[in-house]
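Asks: Sending over a structure as structure tokens; questions will come in a sec.
The values are calculated or read from the model by the stated rules, or taken from the named source; none is laboratory data. Every value quoted in this text rests on a predicted model; they were computed, and no experiment measured them. No Cβ is skipped: glycine too gets one built from the backbone with ideal geometry, and neighbour counts run over all protein chains shown.
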Amino acid sequence: MFVYRTIDDVAALRIYVERRRKELGRTVRGAVIGGGLLGLEAAGALQELGATSTVIQFSDRLMNLQVDEGGGQALSRLIENMGVKVRCNTATDAIKPDKHGHVGSLKFADKGEQVVDVVVFATGVRPRDELARDMGLEIGARGGIVVDDTCLTEDPAISAIGEVACIQGACIGLIAPGNTMAEIAVDRLLGGSSTFPGADTAAKAKAPRSRRGELWRRLRDHARCARAHLRGPGGGRLQEGSS
């Protein structure tokens, strides 16, 4: 079992997959738990290493922070067309070993099971809010230090920014909103009145190098089809409510 965060993580994953392929004498079967940005990158990394990969996503769609339902369906099709299997609405209950003590299978909450040889966890971040809890500061329902739109906690002498901050009801594990919160906190310290405008959850996925051209071609073709659908017969643009 591996996480997917640093260069060392990727190096360890490569060594393990190559060793298991030699031991098993066949293609290594991989699974990634987590269908966000890092999860898709991890699935691509497994493919680059010659393993099969399945993305297991608890939410109803991939990259649920970045795309809506329709976008999630389109993304799933694109990813599956690149050889990665996708399972959404799937909760993993347990990881079972094989008879040799290696990872053997995943057990799901719906009683399903999948045989695997390697598992990568890309399930996002959890706010480290222990200090704030010990201090009695307000904590969000799913963790994180509650702040207002100026990044202040209920104690006016304490600010919180980044992944540990629960702002507008959510902890946001992306760099762009964290940078915005930092700018707001600094501006307030300098006498300004900036407030958090909402989270920009745009993100850039890094596809495996050998598959990038294919991915972008598919995205371009999908966008072209969408534009064609929005234009009615004869090239006129469909108006809302038209039939």
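Asks: Let me spell it out: the conditions are (1) surrounded by 15 or more Cβ atoms within 10 Å (Cβ to Cβ); (2) closer than 30 Å to residue 185 by Cβ, and residue 58 meets all of them except one. Which number is the exception?
Replies: (2)
Asks: Scan the range 161-179 and give yes if some residue there is surrounded by 17 or more Cβ atoms within 10 Å (Cβ to Cβ) and of a type in the set (S, T, N, Q), otherwise no.
Replies: no
Asks: Would you point out which residue out of 157, 165 is hydrophobic (A, V, I, L, M, F, W, C) and in contact (Cβ under 8 Å) with a residue 12 or more places away in the chain? Walk me through how you get there before you give the answer.
Replies: Values: 157 fails: in contact (Cβ under 8 Å) with a residue 12 or more places away in the chain.
Testing whether each residue is hydrophobic (A, V, I, L, M, F, W, C) and in contact (Cβ under 8 Å) with a residue 12 or more places away in the chain leaves just 165.
Residue by residue, here is whether (1) at pLDDT below 90; (2) not in a helix (DSSP H, G or I) holds:
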| residue | (1), (2) |
| --- | --- |
| 31 | no, yes |
| 35 | no, yes |
| 38 | yes, no |
| 42 | no, no |
| 47 | no, no |
| 53 | no, yes |
| 60 | no, yes |
| 64 | yes, yes |
| 73 | no, no |
